[in-house]
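Have a look at the structure below, then the notes.
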Amino acid sequence: AHDFRRKSDDSEDTELRFITCQSLWNQIKSETEEIQEDLNKQLLDNLLNFLSRSHSEFQEKTTEWTCKMKFREIPTAALVLGVNVTDHDLTFRGLSDILQDSITPYIALLEAKDCPGIKNLMQKLMGQLMNCDIDVDTLEDEDCVQVSQNRIRCSMSSLISWYESVTKKTDSETPSKKRNSSSRHWKSPPVVVIFKDMESFTTKVLQDFIVISSQHIHELPLVLIFGIATSPMIIHRLLPHSVSSLLCIELFQSISCKEHLSTIIDKLLLTSRFPFKLGEKVLQVLINIFLYHDFSVQNFIKGFQLCIVEHFYSQPLSVLCCQLVDVKKRVISLSHEQCENIRRLPSFRRYVEKQEAGKQIALLTNDTFLKEDTERLLEDLHVYHENYVSILRCLHVFTSSLPKYPLGKQIRELHCACLENRVWETEEYESSLQLARMLNKTDLVTMLQQCVEILTSSSGKQFHKTVEKLKEFLTQFQNLEAEASQERDVSVLSQKELQKKTDLYHLQKTLLELKESRRSKKLTKFEMLRFEVVDYIDSLVRKYLVPADDRTLHEIMYFNAATVLRGHLNAAPRTALHTALNNPHWYLKNQALKCDGGSISNKAPDICIVYKLHLECGRLINLVDWLEAFSTVVTAAEEPNAVAASSDQMDDIIHARFIRAVSELELLGFIKPSKQKTDHVARLTWGGC
């Protein structure tokens, strides 16, 4: 927020832009959280049912639980979440919250990095269940954990004793306390252990824990949840049959990350609720990072947030990127400088060039006239968005049903194609039209019905005539069905008459007429109606799916700085390191560290001085010479009569600082020890960045 205001401190509407940006992001964040909940609802409900069944069997000591106890089977949920590992935390967090609200307070989330051995696993498990924070490295006895004033040994028997004590304590509480504390939980609630990244756990740790737990399953209602990124087969690869047979496994599959992304794009971008939009190149950058790097929906959302901040940060007119109801008030309050910013927009300049001379003069000189026209243009842009989304969905109904998907199967692919250029001028669109002209009647009727539903529920204007036209097409198809049944009856009669004509002359004449009619290839009524439907959809596409770049003032609502976004998201670590070490003032914001030419400031951090000196050396660097040069730079600005420590002490301090700086440089990968010469190091990087 501070940087946002600082860059635009000369702008009159900085505060309003910041508030608008913050409000927009809060709305989008709330929407994404709702989407996440809706997509995971079915999965979480199934898991809750599974846990409830497991718990009830233990609670009631049914025959099924007795059989499981006899065979020492542990109820286990194999939760396949996909390779988008960065999104798993959100799912587990939601699962943990729901379990704590409705079933059990005893939940432990374990990660492989914290559990290299069975002792570490038990310490983490008991620490989380007993609500205490354990630092394994500080424990004198690695088999124990500190709970309040007591040290409890990390073992399954200790865990069982603790569980029995807490459940008995809950049962013995007064009714009022019991209602307040755990009325929402089951009696004797299960202990849920979630392995967040099962593939990363070592086989021995998993085997030992499962074997130990199975021996006490009749005393402790344990339920395991395996978070799996790859395939359920990983369970059998990690665990031998003797161990996997101790698990009663049920498989759960989450929604795929691609479907999740399509839903996010559909709800955030293909809607008129949010005025902010992404340009084609920016959207393609985010989608490419998703498809070719991590499949992470959360990272896509973070990239989207970065686009919002960058747009409001760099575009002075982004104050007008607001809901339609606020447009008039904000346009009226525009200053002269902001009016000049509007006149400098490329799309507005193209718009002015198309106007008559008198209007051109008024737009370029009269601020009041400009504001009135700007208000109208922004309203048109909002209407364009509403109409664009509705017709895009109608076009997607047609293209997604075609073989080979010339324009892509997902609506995001079609959206990118429409943003990039005039989609009706592309070869893929022409191929789609040709395929659409070969659709059968059933498919066409279904598509038209879907389009009617889309346009009827749309917030866009000007569609009442379009809906009437589509309904008219549906009526014509129904009439064709009735006519077709009559034609079938006539054809049956004609075939009977043809069979009666045994005369060779009449037979040849009839066959020649049939042959001539086939040559002429007259279109049937259905084929003509099908062509008419496709042509009408084509006219809607040409009217409403004009690229956003062709709309006046699109720069206010569309973020198109793909290069800036790519620079933020695609890391260039070597360039960043070179900048930080060569120009430390760039990151430290300290002008005292700025140097002219190739000079080296003694006020710079030691590693920066050492780095600049190493750039002047060849392949092998003499450490003694390097130290002398470092000492010269460091002591250059000191006064000869300054009160200081003895010379030996100063040398020791400088020597220690030099060793630390060289070690840091080695850690960053710029140098390495050399065996060719004593007291030398080898330089590893060359060339500019």
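The values are calculated or read from the model by the stated rules, or taken from the named source; none is laboratory data. The model shown is predicted, which means the values in this text are computed figures rather than measured ones. Neighbour counts are summed over all protein chains in view; Cβ atoms, including those assigned to glycine, are modelled from backbone coordinates with ideal geometry. SASA here: full protein model, heavy atoms, side chains in, ligands and nucleic acids out. Shrake-Rupley method; radii C 1.70, N 1.55, O 1.52, S 1.80 Å.
Quick notes
- Count of the stretch 381-423 residues which are touching a strand residue (DSSP E or B) at 6+ places or on another chain (Cβ under 9 Å) and of a type in the set (A, V, I, L, M, F, W, C): 1
- For the stretch 552-562, the criterion of being farther than 30 Å from residue 382 by Cα and under 24 Å from the mean Cα position of the chain (by Cα) is met by none of the residues.
- In the stretch 334-351, of all residues being outside any helix (DSSP H, G or I) and in contact (Cβ under 8 Å) with a residue 60 or more places away in the chain, the one that is surrounded by the most Cβ atoms within 10 Å (Cβ to Cβ) corresponds to 345.
- Residue 563, sole failed condition from (1) modelled with pLDDT under 90; (2) loosely packed, with under 15 Cβ neighbours inside 10 Å; (3) closer than 30 Å to residue 285 by Cβ: (1)
- Criterion (part of a helix (DSSP H, G or I) and either on the phi > 0 side of the Ramachandran plot or out of contact with any helix residue (DSSP H, G or I) (no Cβ under 8 Å at 6 or more places or on another chain) (or both)) met by exactly one of 592, 571, 580, 576: 576
- The C-beta contact set for the stretch 247-274 (first residue not assigned by the TED database to the domain that holds residue 409, second residue acidic (Asp, Glu), distance under 6 angstrom, 6+ apart or interchain) comprises 248/73.
- The set of residues in the stretch 290-334 being among the acidic types (Asp, Glu) and over 22 Å from residue 30 (Cα atoms) consists of 294 alone.
- Residue count for the stretch 577-618 under the criterion of being open to solvent by 40 Å² or more (accessible area, probe 1.4 Å) and either within 30 Å of residue 290 (Cα to Cα) or of a type in the set (Lys, Arg) (or both): the result is 6.
- In the stretch 388-411, of all residues being touching a helix residue (DSSP H, G or I) at 6+ places or on another chain (Cβ under 7 Å) and among the β-branched types (Val, Ile, Thr), the one that is surrounded by the fewest Cβ atoms within 10 Å (Cβ to Cβ) corresponds to 397.
- Test result for residue 277, open to solvent by 10 Å² or more (accessible area, probe 1.4 Å), in contact with a His (Cβ under 8 Å, 6 or more places away or on another chain) and modelled with pLDDT of 90 or more: yes
- Hey, residue 364 more than 30 Å from residue 430 (Cβ to Cβ), of a type outside the set (Asp, Glu), open to solvent by 10 Å² or more (accessible area, probe 1.4 Å) and in contact (Cβ under 8 Å) with a residue 40 or more places away in the chain or not: no
- For the stretch 412-451, residues that are among the β-branched types (Val, Ile, Thr), surrounded by fewer than 20 Cβ atoms within 10 Å (Cβ to Cβ) and within 33 Å of the chain's Cα centre (by Cα) total 2.
- Residue ID - most open to solvent (accessible area, probe 1.4 Å), chosen from residues in the stretch 37-51 that are in contact (Cβ under 8 Å) with a residue 60 or more places away in the chain and of a type outside the set (A, V, I, L, M, F, W, C): 46
- Restricting attention to the stretch 193-236, the residues being free of Cβ contacts under 8 Å to residues at least 40 places away in the same chain and touching an Asp or Glu at 6+ places or on another chain (Cβ under 9 Å) number 1.
- Qualifying residue in the stretch 352-361 (condition: buried (at least 21 other Cβ atoms within 10 Å of the Cβ), part of a helix (DSSP H, G or I) and β-branched (Val, Ile, Thr)): no
- Test: residue in the stretch 57-73 that is under 24 Å from residue 212 (Cβ atoms), open to solvent by less than 20 Å² (accessible area, probe 1.4 Å) and at pLDDT 90 or above: no
- Test: residue in the stretch 149-169 that is among the β-branched types (Val, Ile, Thr), over 26 Å from residue 98 (Cβ atoms), part of a strand (DSSP E or B) and modelled with pLDDT of 50 or more: yes
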